[in-house]
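Data first, discussion second: the structure below is written as structure tokens.
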Amino acid sequence: METEHLKHFVNHDVEILVAGVWIEGHMKPIVKGLITLIPFDETAVFYGPTAVKAEVVMAIRQLKRSGQKIVDPVPEVQNVGVIRSSLDQVSAKQRFGGKE
């Protein structure tokens, strides 16, 4: 996409479509044809800044955020039984034993 179309979205919360995937974040100024998106506060612990060339952007749209947190408070997990790791040692009899 041409930078002339993209410059209207600078310093706004946007979603861009790159290779069939929507990427969201706060758009920083375009430098040398490179678009930088900073992740939102809620997702910053999972994602870092994203940088893509302007020519690979297929679509862009501005996000209107309500300011409401994604999940507040964090729900508690209930009714979880014993979870065993696949790395736990298991004897051959337990692994290959038939039903008794």
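The values are calculated or read from the model by the stated rules, or taken from the named source; none is laboratory data. Since the structure is predicted, the reported quantities are computational estimates derived from the model, not experimental observations. Neighbour counts run over all protein chains shown; Cβ positions are idealised from the backbone, glycine included.
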task: Identify the residue in the stretch 41-57 that is hydrophobic (A, V, I, L, M, F, W, C) and modelled with pLDDT of 85 or more and, among all such residues, is nearest to THR3 (Cα to Cα).
output: ALA54
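Yes/no per residue for (1) in contact with a strand residue (DSSP E or B) (Cβ under 6 Å, 6 or more places away or on another chain); (2) surrounded by 10 or more Cβ atoms within 10 Å (Cβ to Cβ); (3) modelled with pLDDT of 90 or more:
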position	(1), (2), (3)
LYS7	no, yes, no
ALA59	yes, yes, yes
PRO73	no, no, no
VAL77	no, no, no
VAL90	no, yes, no
GLY97	no, no, no
field: Close pairs (9 angstrom Cβ cut-off, 6 or more residues apart or separate chains): on the phi > 0 side of the Ramachandran plot in the stretch 9-22, surrounded by fewer than 16 Cβ atoms within 10 Å (Cβ to Cβ) anywhere
entry: ASN11/LYS28; ASN11/PRO29; ALA19/VAL56; ALA19/MET58; GLY20/MET58
query: Which residues, counting only those in the stretch 23-42, are free of Cβ contacts under 8 Å to residues at least 12 places away in the same chain and closer than 15 Å to ARG65 by Cα?
result: ASP41
field: Residue in the stretch 1-51 that is farthest from LEU63 (Cα to Cα), counting only those that are of a type in the set (Asp, Glu) and part of a loop (DSSP other than H, G, I, E, B)
entry: GLU2
